[in-house]
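The values are calculated or read from the model by the stated rules, or taken from the named source; none is laboratory data. Owing to the predicted nature of the structure, the values given are computational and were not obtained by experimental measurement. Note that we place each Cβ from the backbone using ideal geometry, even for glycine, and neighbour counts take in every protein chain shown. Quick note on the areas: whole protein, heavy atoms, side chains included, nothing else; ligands and nucleic acids left out. Shrake-Rupley method; radii C 1.70, N 1.55, O 1.52, S 1.80 Å.
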Amino acid sequence: MNKEVIARLRQICGATAVVEDETELLVYECDGLPLFKNRPDVVVFPRNAEQVSQVVCVANEYRIPFLPRGAGTGLSGGALAVTGGIIIELQRMNRILSIDVENRIAIVQPGVVNLHISQAAAPLGLYYAPDPSSQMSCSIGGNVAENSGGPHCLKYGMTTNHILAVEAVTAKGEIIRLGNPAGEPIGMDLLGVIVGSEGTFAIVTEITVRLLPKPQAVKTLLAAYRSVEECSQTVSDVIAAGIVPAALEFVDAKTIEAVEASVYKAGYPRDAVAALLIEVDGFRDGLEETSAAIVEICRRNRAYEVRVAKDDDERARLWLGRKGAFGAMGRLAPDMITMDAVIPRTRLPEVLVAIDRMSERYGLGVANVFHAGDGNLHPLILFDSRYPDQVEKILAMSEEIMKLCVDVGGSLSGEHGIGYEKKDFMDLVFTETDLQSMLRVKQVFNPDGLLNPEKIFPSRRGCTEIGKHNTTSTAEIGKRVESVLLGPEKVQR
Amino acid sequence: MTTASTEEKKAPLYLDCIHCGLCLSSCPTYRVLGSEMDSPRGRIYLMRAFDEGRAKITDSFVEHMFRCLDCRACETACPSGVHFGHMMEEMRGKIVEDRSAHWIARLVLNHVFPYPNRFQFASRLLQLYRVSGIQNFVRSTGLLQRIAPGMAAAEALMPAVEMERGVPLDSHYRAQGKKLGTVAFFTGCVMNSMMGSINKASVRLLTAAGYDVVVPGRQICCGALANHAGLRETAKAMAVSNIAAFPVRELDAIIINAAGCGSMLKEYPLLVDGASEFSLKVKDISEFLVATRIFDCLKKPLKRRVGYDDPCHLIHGQGVKNEPRKLLKAIPGIEFVEVEAADQCCGSAGIYNITQNELSMEILDRKIEKIQKARIDILATGNPGCMFQFKYGAQKAGMDLDVVHPVELLERSLGDSNEHN
Amino acid sequence: MTIDGLSPAKTVRPNSTEELAEYLSAFKGAVVPMGAGTQMFFGNPLQRADCVVDLKSLSRITEYVPADLTIHVEAGVTLAKLEHTLLENNQFLPLDPWNGPHATVGGIAAANAQGPFRAAGTIRDWIIGMKVVEIDGRVSKAGGRVVKNVTGYDLQKLYTGSLGTLAIIVEISLKLRAKFARTATSIARFADFDAAAACVATLRKSPLQPVSCEWVGPGNEVWLRFGEHPRAVDWQLQNLPAGADWTILEGSDEKAAWERLRTTYNALGPIIVRAAGLPTAVREIIDTYRPQAWIAHALNGIVLLQFSSPDEIRRIREKHRAVIEKAPVEVRKQIGAFGLNDDEYSLMKRMKDAFDPEGRLNPGRHVDGELR
């Protein structure tokens, strides 16, 4: 990196806020998806929007690619510096600026940990609803970029339904404010299109979030089944009965096996083929009845065990079985990839069978965790990245799963985002025209394409030209495997 | 059996890490600095990179490794159960092999701590320094601050060494009332020399609970500080000495009242072979007492607001969390207050508050803030380093706060209910 | 027909998306998309109109999977038809825009039209995917057909509320919810402004969760609608703010009451301004700007204010965001409908130019006609 640029960056952010040491840059070569790596040229830690803006201006001046990064827990390579450049790390902008109890909003900086918002609001009787599984470490800025979900978004909506206003720095360095505390889109919903734009439109530097009152009461149940169909039918019946669960999580036999064998032993029935974790919340009056209605539906669908949590401890233990899935699986092999696919919920049984067959065919262990309420499926696939053929299999299996989900009417990503990981599959879902319209919108915000390049759009498409889609060839996979094995490789700018 | 083979046998521990990042916000240094290389995930990544030949032991590499407090809060947060503490200690060992530790560290950790007599002597010197007025003089001139700020920081943190001696080696105490068994007492070096009354209180509690207490004469410092500093060979030698000093088979338990030491003793099997029998008997005094009749002996009321801070090596290193709280809450008249973020490191971390003073103070400030919010009279915590750190922090903040070991409060409560505190 | 004083030469009524796409790929004039035509007065004045595109024939429900809680409809489906279809499966959408059940879903989306169900969000929060036809006849889509989806940019959010000035909405996918097991409405009339304001303030701090909370003036009525499990509704009805005489309505009485409110809304005029601020600012807004009549979605911080002069609009915009909900074309020719700030204006202009460089879709109705 140009010495002049480093000096300018030091001048803007302070010497201790600029990292260019080779060793230190290593840890920034990937985010929560270590399958793809590339070292940035420099990492900066601005403390306010002004500094972010100045850094962006320098990047524009020298035509250097740049991208934002939160906690780096993303699972689609959103914070991967594909073409090197400057990573703008927002973790030192981590203050909760204010909580307005009466108006039920909070104004926070992007580096604030998702869970910390709820923890700060808890004594005031409020909480922040979107709860991605990484909420103990992920940043709210990252949530805004990815439009993160979580088990409770079934009832309460995703991040986009809870963002009222932002301050952001555009790709050209202008500091803009969008939205308003009433959450009323005025004119065009620019805020709505920025949320979920995966850091390719603007870098958010301040966020006004909606807070909700904590529910009066919560009921959590676990139901165990001997067949996936019965489990799936229960979900349909619960919905048909007009019940709106706060969360509805499905775990399969392999997940239960892994969890019960690990320190997350939650007491899930070990011989269950499938289990449902169901939560309802709201006013105390009527919750018992709703809970009883759910128990009845479970039994009617031949659940052989239904457990209702008696207190907070038991509730926490039931959730441990679901939240521990990730970690429990992680212990079984050196590497694990958490896939993210979304299907119409009614198609789950057939999709699970297909994934099971794929698992056998590829010889890779797979466990499935499914947000049954909204069709978001997470196949957890075990492998060992030290073996190139396994990496190749992972990439091939990933593609097959995505194609399957699209075939049954679903899409590529329910909550992790497209990022770098899934960009070459966008044409499974979108036509050229669709992608061109999206590119057009991107160009309004990011005309030179310097902000977070090589994300979301298929590789063969540049900013200005769009080619025809070809099936991903083995050669493509081979190239990617190379980059994984041989270490960081700088792509031509 | 040589000890080197213990390390070579294992598959690389870093493979347990799935790079999810859930550990980040549990790490005190990440919370302060916000940089990935000062996070557990980042440090593991560097360890792996070093192993794979992608990183070398450079100045920045060493800096980030030694900035770690080794508090192991990340282990508690990790969904995959990564053994971070062990990995960090091994890595530091490799670093020290590559470039030696600081000469003062080597002098003190290799040549003073492992030798009880030398340690006693050094602590008496410290006592003299304080009591004779030399300390006041040095502090009043502010000279140290100007010529060696690092030493000034160390000096400021220096504990006021008690006059009272601890528990003599080779001593033996009888159970009060019906005898239920025999335990050995691990005196620790710092505790026995500088906070002797705490050890005496510990023994008194154990006998009240119905146990004979033996104090083996050949025990030495547990070796934690040496291990954390990367002086692995010294630590291993100390482990071997201690294991030999205790008649493990004759004991119901080996009791330790310092969290840092307890964690080290329980993990001797990671350092040397043949340590399992010994380590399985090691119990922190709180986890031991909580299963005894001590509750019947707590008679004298203590009408104060008392908070408890979890020493990292007790809650993360040993998984002991509820036991000390249960014991304290059992003291008649006590008003137990749960302090916010009690499970977060205080920044003491052995000698970290000397070697990384600035960061240590930043971390301490955040803890003091939370303690102030709790409005307590007494803070109890079961580790000497933490006690020194909190005493310093409270004094700096002008707080009227007593910092004690939980056994001190329990001991005060022993006896007739007619007497009051 | 005339729109803002203009009389477009012709009207076309395509029967399918393909027909519309074919037509637009050949047509070179200014196009005015229209559903039921209930929101033609919203936005800035139309500047050119060569052809009205009547979308009412795009009225098919293409797919409805109750178990998936999704429905896919063509833009010309009316709200009434949608509601009726959903009700058969005990499902519904909390949408009740003022312009009524004969409005089309496409039109509601294009205008982001709202009504008293505002507390549950607007149509923007229920749209999961959209298909549009762009000015040159190309058909594109965004979002998907599943309720949780982050694949690609959320362009459907951009199209919602853009008044058909970026592209013409032809198909919408919506997520659904179960019908409320029971609803009930409680209405109280207060002696004066302060008493009503106090009631609203109490509501903000209470555990009640009404799906509608309307403060209607000048009569100072507070309307609360609850939709929930029957016992939860009961509990809320038993815990209404004290010190007021609440009339509880259910069933057809309830329905009639909300129709009356719709009539009240429709009688507001000639100028209706929609001000947006924090819920705690609602009282101040009404008190400071003294509208002749008002309807406030009190818990959302949105107030509909009736004025007779455009000067009030300028006054409000000094402190709050304010959109012109309804006003005679003469007024809208003097003052911008949206009240955009500089950032918004420049970005929206670029967006409009990117989609419609020749300015042929509803010319002038949005940012391209916004006076500042």
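Counting only protein heavy atoms and a 1.4 Å probe, tell me what percentage of the range B:313-421's accessible area is made up of carbon and sulfur.
41 percent
How many lysine pairs are close in the range A:217-327, with Cα atoms under 15 Å apart and the two 8 or more places apart or on different chains?
Qualifying lysine pairs in the range A:217-327: 4.
GluC sites (Glu not before Pro) within the range C:212-272: which are DSSP loop residues with at most 15 other Cβ atoms inside 10 Å?
The qualifying sites are C:Glu250.
How many Å² of accessible area per residue for chain A, probe 1.4 Å?
Result: 33 Å² of accessible area for each residue.
Which of the residues in the range A:187-201 show a loss of at least 50 Å² in accessible area from their chain by itself to the complete set of protein chains, at a probe of 1.4 Å?
Buried-area filter returns A:Gly187, A:Met188, A:Asp189, A:Leu190, A:Val193.
Leaving out ligands and nucleic acids, note down the accessible area per residue over the range C:46-187 with a 1.4 angstrom probe, in whole Å².
Result: 25 Å² of accessible area for each residue.
Tally up the carbon and sulfur contribution to the accessible surface of the range A:175-257 as a whole percent, 1.4 Å probe, everything protein left in place.
Heavy-atom surface of the range A:175-257 belonging to carbon and sulfur, 1.4 Å probe: 51 percent.
At a temperature of 25 °C and a viscosity of 0.890 mPa s, determine how fast the range C:1-149 diffuses translationally according to Stokes-Einstein, using the Kirkwood radius over alpha-carbon pairs as Rh; express D in µm²/s, rounded to the nearest whole number.
150 µm²/s
Convex hull over the alpha-carbon atoms of the range C:4-74: what's its volume per residue in Å³?
Taking the convex hull of the Cα positions in the range C:4-74, it is 112 Å³ per residue.
Please determine, in degrees from 0 to 90 and to the nearest 10, the orientation of helix A:3-13 with respect to the longest principal axis defined by the Cα atoms of chain A, where the helix direction is its Cα long axis.
The helix A:3-13 is inclined about 60 degrees to chain A.
For the range A:292-370, what is the per residue volume of the convex hull drawn over the alpha-carbon atoms, in cubic angstrom?
Details: hull volume 11.2 nm³, N = 79.
Here the figure is 142 Å³ per residue.
What number comes out for accessible area per residue over the range B:283-421 if the probe is 1.4 Å? Units Å², please.
Accessible area per residue: 41 Å².
Using 0.36 nm per residue, how much length does the chain from B:Ser132 to B:Lys303 gain when fully extended, once their Cα-Cα distance is taken away?
Difference between extended and current length: 57.9 nm.
Once you've got the GNM for chain B with C-alpha springs shorter than 10 Å, pick whichever of B:Ala153, B:Ala253, B:Ala235 has the biggest mean-square fluctuation.
Per the Cα network of chain B with a 10 Å cutoff, B:Ala153 tops the list.
What number, rounded to the nearest 500 deg cm²/dmol, is the helix-based mean residue ellipticity at 222 nm of chain B, given -39500 (n - 2.57) per DSSP H run of at least four residues and division by all its residues? Show your work: numbers first, answer last.
Numbers: 26 runs with 219 residues, N = 421.
Calculated at 222 nm, the ellipticity per residue is -14500 deg cm²/dmol.
Set the Förster radius R0 to 22 Å, insert the Cβ-Cβ distance between C:Thr263 and C:Arg189 as r into 1/(1 + (r/R0)^6), and round the FRET efficiency to 0.05.
0.80
Given springs between every Cα pair under 10 Å in a Gaussian network model of chain B, which of B:Ile57, B:Ile134, B:Ile220 has the largest fluctuation?
B:Ile134
Name the longest site-free stretch of chain B, where the excluded sites are GluC sites (Glu not before Pro) in a DSSP loop with no more than 15 other beta-carbon atoms within 10 Å.
Result for the longest clean stretch: B:165-337.
Would you look at the GNM of chain C, springs on alpha carbons closer than 10 Å, and say which of C:Thr165, C:Thr183, C:Thr263 moves the most?
It is C:Thr263.
If packing is taken as the average number of other Cβ atoms within 10 Å across a peptide's residues, how do B:288-296, A:269-277, B:205-213 rank, most packed first? Write out the running numbers ahead of the final one.
Values: B:288-296: 17.0, A:269-277: 20.6, B:205-213: 22.2.
Put in order of decreasing packing, that is B:205-213, A:269-277, B:288-296.
Using 23 Å as the Cα-Cα cut-off, could you pick out the over-long pairs in A:Lys442/C:Lys56; C:Lys56/C:Lys179; A:Lys455/C:Lys148; C:Lys205/C:Lys319; B:Lys283/B:Lys326; B:Lys200/B:Lys281?
Details: A:Lys442/C:Lys56 32 Å; C:Lys56/C:Lys179 27 Å; A:Lys455/C:Lys148 20 Å; C:Lys205/C:Lys319 25 Å; B:Lys283/B:Lys326 16 Å; B:Lys200/B:Lys281 21 Å.
Those over the limit are A:Lys442/C:Lys56; C:Lys56/C:Lys179; C:Lys205/C:Lys319.
Contact order normalised by length for chain B, with contacts defined as Cα pairs under 8 Å and 6 or more residues apart; what percent is it?
Computed over chain B, the figure is 16 percent.
With a 1.4 Å probe, how much accessible area is buried between chains B and A, both sides summed, in Å² to the nearest hundred?
By this definition, chains B and A bury close to 2700 Å².
What is the gain in length, in nm to one decimal, between C:Met1 and C:Asp136 on full extension, counting 0.36 nm per residue of separation less the C-alpha to C-alpha distance? Provide the component values of the computation, followed by the final result.
Values: separation 135, 0.36 × 135 = 48.60 nm, distance 2.50 nm.
Once the chain is fully extended between C:Met1 and C:Asp136, it gains 46.1 nm.
What span do the alpha-carbon atoms of the range C:208-330 cover on each of the three principal axes, reported in whole Å from largest to smallest?
Dimensions of the range C:208-330 along the principal axes of its Cα atoms: 49, 28, 23 Å.
I want the local charge near C:Pro241. Using Cβ-Cβ distances under 12 Å, sum +1 for each Lys or Arg and -1 for each Asp or Glu among the other residues.
Details: positive: C:Arg204, C:Lys205; negative: C:Asp245.
Local charge sum for C:Pro241: +1.
With each label point set 7 Å from Cα along the Cα-Cβ vector, what nm distance links B:Ser241 and C:Ser57?
Rounded to a tenth, the inter-label distance reads 9.8 nm.
Nearest 0.05, what FRET efficiency do A:Ala261 and B:Arg249 give at R0 = 22 Å with Cβ-Cβ as r?
0.10
Based on the Cα atoms of chain C, what semi-axes does the equivalent ellipsoid have, where each is the square root of 5 times one gyration tensor eigenvalue, given in whole Å with the largest first?
They are 35, 26, 17 Å, listed largest first.
I'd like the interface area for chains A and C: accessible area of each alone minus the complex, both sides summed, 1.4 Å probe, protein heavy atoms only. What is it in Å² to the nearest 100?
Rounded to the nearest hundred, the buried surface is 6400 Å².
Indicate the residues belonging to the range A:423-444 that lose 50 Å² or more of solvent-accessible heavy-atom surface (probe 1.4 Å) upon moving from the chain alone to the assembly of all protein chains, ignoring ligands and nucleic acids.
Checking the loss per residue gives A:Phe430, A:Thr433, A:Asp434, A:Met438, A:Arg440, A:Val441, A:Val444.
Using a Förster distance of 30 Å, how high is the FRET efficiency between B:Asp98 and B:Leu125, based on the Cβ-Cβ distance and rounded to 0.05?
According to the calculation, E is roughly 0.35.
So what's the net charge close to A:Leu33: Lys and Arg +1, Asp and Glu -1, counting the other residues with Cβ under 12 Å from its Cβ?
-3
Cut-off 20 Å, label point 7 angstrom out along Cα-to-Cβ of A:Thr431: give me the residues of the range C:138-159 whose amide nitrogen falls inside.
Backbone N within reach: C:138-146, C:151-157, C:159.
Listed here are the pairs A:Lys155/B:Lys321; B:Lys179/B:Lys299; A:Lys422/C:Lys175; C:Lys141/C:Lys255; A:Lys214/A:Lys422; A:Lys214/C:Lys175; which of them are more than 27 Å apart at the Cα?
Details: A:Lys155/B:Lys321 35 Å; B:Lys179/B:Lys299 20 Å; A:Lys422/C:Lys175 25 Å; C:Lys141/C:Lys255 37 Å; A:Lys214/A:Lys422 36 Å; A:Lys214/C:Lys175 24 Å.
Distance filter (> 27 Å) returns A:Lys155/B:Lys321; C:Lys141/C:Lys255; A:Lys214/A:Lys422.
If each Cα of chain B is one equal point scatterer, what is log10 of I(q)/I(0) from the Debye formula at q = 0.06, 0.07 Å⁻¹?
Per q value, in the given order, log10 I(q)/I(0) is -0.24, -0.33.
In whole Å, how far is the Cα centre of the range C:194-230 from that of the range A:281-340?
The distance from the Cα centre of the range C:194-230 to that of the range A:281-340 comes to 36 Å.
Provide a list, ordered by number, of residues in the range B:77-103 showing at least 50 Å² less accessible area with every protein chain present than when their chain is taken on its own, using a 1.4 Å probe.
Hits at the 50 Å² cut-off: B:Pro79.
Could you tell me the distance between the Cα centroids of the range C:267-328 and the range C:37-112, to the nearest Å?
Measuring centre to centre over Cα atoms gives 26 Å.
Mind giving me the nanometre distance, one decimal, between the label points for A:Glu350 and A:Leu212, set 7 Å out from Cα along Cα→Cβ?
Rounded to a tenth, the inter-label distance reads 3.3 nm.
By a straight-distance test (C-alpha under 24 Å), which lysines pair with B:Lys94 as possible cross-link partners, with residues fewer than eight away in the same chain excluded?
Partners within reach: B:Lys9, B:Lys10, B:Lys56, B:Lys236, B:Lys266.
Report the normalised scattering of the protein assembly as shown as log10 I(q)/I(0) at q = 0.05 Å⁻¹, calculated by the Debye formula with identical scatterers on the alpha carbons.
-0.41
Report, to the nearest whole %, how much of the accessible area of the range A:3-89 belongs to carbon and sulfur atoms, 1.4 Å probe, protein only.
47 percent
Under a point spin-label approximation (7 Å from Cα along Cα-to-Cβ), what is the B:Glu338-B:Thr58 distance to one decimal in nm?
A separation of 4.5 nm, rounded to one decimal place.
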